[in-house]
Amino acid sequence: MEIKIRPLRFEDSYQINDIRTMRGVFENLPSLYSERPEFIQNFIKTFADSDHAFVAEVFENNYMRILGMAGLHINRSPRIRHSAMIGVMVHPGFQRRGIGKRLIECLIDTADNWVQVKRIELEVISDNTPAINLYKKFGFEQEGIKKKCVFRNGEYKDAIMMARYKF
Ligand SMILES: CC(C)(COP(=O)(O)OP(=O)(O)OC[C@H]1O[C@@H](n2cnc3c(N)ncnc32)[C@H](O)[C@@H]1OP(=O)(O)O)[C@@H](O)C(=O)NCCC(=O)NCCS
């Protein structure tokens, strides 16, 4: 399976919506099963030069199928514009095949080598071991815990704040 990483396009919004509302994904994102494609369309419309989003896609049965997405969102305020937030997700049917790694590599290459981002931050629900392991692989370290910060399946869960910096 030849996977290509390329910039996100507006017309990807329907496939992105499909993935964001799948079990195995939405529980660990700040999204809901009821989320509509308009949500991601409106999100893309807010993008500026400081937003860098990518998808992983594969050509399958004459169709370009999106398997994952990741974004690097640089702070716009002058004194913190060396920092950025990231997010990543992979289609549940294609997880554990190195796609998350490819997407994070692309974000880190963008940060380190192209847009002068020194510090990358993220938040992850404290029991999301796959994501925590993925981030640790790229040098992200825990900086703090946000207690009971997210409601998931009837329970308030902690989130871990992680960051990687390179000066
Ligand atoms: C987290 C996520 C993006 C990982 O994507 P992926 O394509 O499955 O990850 P990869 O195959 O590239 O794996 C990279 C590393 O992540 C870790 N990892 C991935 N899946 C794992 C699992 N099920 N259990 C433990 N570690 C896991 C491992 O360290 C792995 O490296 P290894 O294969 O050398 O052991 C994916 O599980 C996902 O989309 N989850 C739902 C959405 C989500 O949680 N997003 C992050 C929100 S903060």
statement: Restricted to the stretch 110-167 and to residues being of a type in the set (F, W, Y), more than 14 Å from the ligand (Cβ to nearest atom) and at pLDDT 95 or above, the residue surrounded by the most Cβ atoms within 10 Å (Cβ to Cβ) is Y165
query: Among the residues of the stretch 1-56 satisfying the criterion of being within 13 Å of the chain's Cα centre (by Cα) and at pLDDT below 95, which is surrounded by the fewest Cβ atoms within 10 Å (Cβ to Cβ)?
result: P30
Which listed residue is more than 16 Å from the ligand (Cβ to nearest atom) and of a type outside the set (S, T, Y), from M69, M64: M64
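The values are calculated or read from the model by the stated rules, or taken from the named source; none is laboratory data. Source: prediction; values computed, not measured. So basically every Cβ, Gly included, is an ideal-geometry build from the backbone, and we count neighbours across all protein chains shown.
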